[in-house]
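Novice: My structure is below; once you've seen it, I'll send some questions.
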Amino acid sequence: MHWIDWAVIGLYSVGLLALGYLFREQKDKRDYFLGGRSLGWFSMGMSVMASQLSAISFISAAAFVGMKQGGGMQWLTFEFAVPLAMIFLMVVLVPPLYRAGIVSVYSWLETRFSPATRLLLSGVFQFSRAFATGIMIYTVALVLASVMDIPMWQTILLSGVVTIIYSWQGGMKAVVWGDVVQMLILLAGIVLCIAYGLHLQGGWEAFVARVDRERLEAVPFNRGVGEGQEFGFWPMLIGGFFLYISYYGCDQSQAQRALSGKSLKEVRRALLFNGLFRFPVTLAYCFMGLIVGTFAFGTPEFLEQIPADQPDRMIPLFIINYLPVGVIGLLLVAILAAAMSSLSSAINSLSAATLEDFVARRRPLDAATQVAWSRRLTLAWGVACIGLAFSAGRIAPTVIEAINKVGSAFYGPIVATFILGILSRRAHARAVNAGLIAGVAANLFIWQSGLPVFWIWWNFIGAAITLALGYGLSRVWAPSGKKEPALPPHTTESWWVPENGVLLAWFVLIVWFSLNLKDWL
């Protein structure tokens, strides 16, 4: 790489450190973890998208669309449930959590159900999020190290140390505004890869003439049951709906953004923004993968550089070999930015959950002590995630798929627990905890027994079992200690608001667009 590219990476890193220094003053834990509840819809929306559209999406999703066997534009089906999930979040899940004025979403569960429910779900979140983040850093570092010809440990430390420092100093405000910058760089990177990929093939018409038509099939109507029966319309719509309402509403790494808004109106706008703009961004990096993959299959010297068993190297190798000096640095920054965004969100939310659900749960802390503990825990979780990244090489290569399965085994039962707490006055801790355990157990049985059920269905299966048992047992079992639930259900939000109509129309539009995509190219 040219020194100019290294200079671009260096300037970006210095800029993030300066951002953390700018937001270094915090008064208490609410200021540190929620930005003083002062965030507007744009910064929240961009931050949510940046942390969700990670480096794995930029690298692996593009490789899936453009190069992997059995891949293609069917990746778009992951987005179908997003607008519907945003409607449910705006009406049911987010308002009561926001009004509770909490830092950790799991603390709400103790008020509504029991300490055991809170500690169990917070512990599951902390374990799974730290594990997934470490694997993500390792995966990105492995790919970048191979194409940049530098030791992998340097790549891990470059992204890890910078992220830890600015997150440690600036708290949620640094994380969110860092995400905004990173999202803009990521979008610029996608546009540049598309532009150069088309240019190298002689333009749009030349690309359309060469593209593999089978990869343009975006909506297979599979059931998600059986070998090769994945990415079907119904499993991605139904399973994806429960996945997204749980991820955005009940996973601390995402829900913490909603808790940071200056008002519930701003939070709804942020969710609307995410519901509308996630599909265009996903469509853009899918087209990037399709264009670069088509170029690779038509350019033998480039194709030979991509290991058959490591198609994830396609995008980084394209950047290194075919883009000009300076642009290379910017695009490598885009990949690093996506990784840093996921890492910063993870360590901030992990430290928030640890402080709220374990450290400060039984003893009050003054404001200065809250900030001190917040920073200590941010540093500790940052080091832990980096440590997991260094250890990931000794873990089986199937672990990345396992991360998706672990998440889906828990997401459905978790969101069902919140739904019962919000919508049912009758539901109580004894019955809901039994339903939660049964839902997780059913998903783990499906996984370990080898039943050919696509993992995205597990989100629905676990939620359905938890809802049915949690509510049903609440009707026949007396609450533990014969106490009534502490909180009444919250059903004050109206379904009939303009935002919901827009999102419903957008859902129909993106499905229609995806169904007709192959005929338009």
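Novice: Would you mind stating whether LEU184 is surrounded by fewer than 19 Cβ atoms within 10 Å (Cβ to Cβ) and within 20 Å of the chain's Cα centre (by Cα)?
Specialist: yes
Novice: Can you give me the number of residues within the stretch 232-241 that are farther than 14 Å from PHE507 by Cβ and either of a type in the set (S, T, N, Q) or surrounded by 23 or more Cβ atoms within 10 Å (Cβ to Cβ) (or both)?
Specialist: 2
Novice: Under the condition of being outside any loop (DSSP other than H, G, I, E, B) and among the β-branched types (Val, Ile, Thr), which residue from the stretch 90-108 is farthest from PHE418 (Cα to Cα)?
Specialist: VAL91
Novice: Which one of GLN201, GLN169, GLN182 is polar (S, T, N, Q) and in contact with a Gly (Cβ under 6 Å, 6 or more places away or on another chain)?
Specialist: Working: GLN201 fails: in contact with a Gly (Cβ under 6 Å, 6 or more places away or on another chain); GLN182 fails: in contact with a Gly (Cβ under 6 Å, 6 or more places away or on another chain).
From the options GLN201, GLN169, GLN182, the qualifying one is GLN169.
Novice: Residues ALA352, ALA380, ALA338: which one is of a type outside the set (Ser, Thr, Tyr), in contact (Cβ under 8 Å) with a residue 12 or more places away in the chain and closer than 14 Å to VAL161 by Cα? Reasoning before the result, please.
Specialist: Details: ALA352 fails: closer than 14 Å to VAL161 by Cα; ALA338 fails: closer than 14 Å to VAL161 by Cα.
Going through ALA352, ALA380, ALA338 in turn, just one is of a type outside the set (Ser, Thr, Tyr), in contact (Cβ under 8 Å) with a residue 12 or more places away in the chain and closer than 14 Å to VAL161 by Cα: ALA380.
Novice: Still on this structure, please answer the following. Is it the case that some residue within the stretch 165-172 is surrounded by fewer than 20 Cβ atoms within 10 Å (Cβ to Cβ) and either in contact with a Cys (Cβ under 7 Å, 6 or more places away or on another chain) or without any contact (Cβ under 8 Å) to a residue 40 or more places away in the chain (or both)?
Specialist: Within the stretch 165-172 (the criterion being surrounded by fewer than 20 Cβ atoms within 10 Å (Cβ to Cβ) and either in contact with a Cys (Cβ under 7 Å, 6 or more places away or on another chain) or without any contact (Cβ under 8 Å) to a residue 40 or more places away in the chain (or both)), the answer is no, since none of the residues qualifies.
Novice: Do any residues in the stretch 102-124 that are farther than 21 Å from GLY407 by Cβ have Cβ atoms under 7 Å from those of residues that are aliphatic (A, V, I, L, M) and not in a helix (DSSP H, G or I), where the two are at least six apart or on different chains, and which pairs are they?
Specialist: If the second residue must be aliphatic (A, V, I, L, M) and not in a helix (DSSP H, G or I), the pairs left are THR111/ALA486; THR111/LEU487; ARG112/ALA486; ARG112/LEU487.
Novice: Another question, then. Look through TRP496, TRP455 and report the one residue that is closer than 23 Å to ASN222 by Cα and either touching a Lys or Arg at 6+ places or on another chain (Cβ under 7 Å) or at pLDDT below 90 (or both).
Specialist: Values: TRP496 fails: closer than 23 Å to ASN222 by Cα.
When all the criteria are applied, what remains is TRP455.
Novice: Related question: For residues that are at pLDDT 85 or above and not in a helix (DSSP H, G or I), tally how many sit in the stretch 366-407.
Specialist: 1
Novice: In the stretch 78-91, what count of residues is obtained for those that are farther than 14 Å from ARG268 by Cβ and within 16 Å of the chain's Cα centre (by Cα)?
Specialist: Within the stretch 78-91, residues that are farther than 14 Å from ARG268 by Cβ and within 16 Å of the chain's Cα centre (by Cα) number 5.
The values are calculated or read from the model by the stated rules, or taken from the named source; none is laboratory data. The structure displayed is predicted, hence computed values, not measured ones. All Cβ positions, glycine included, derive from the backbone under ideal geometry; neighbour counts span all protein chains shown.
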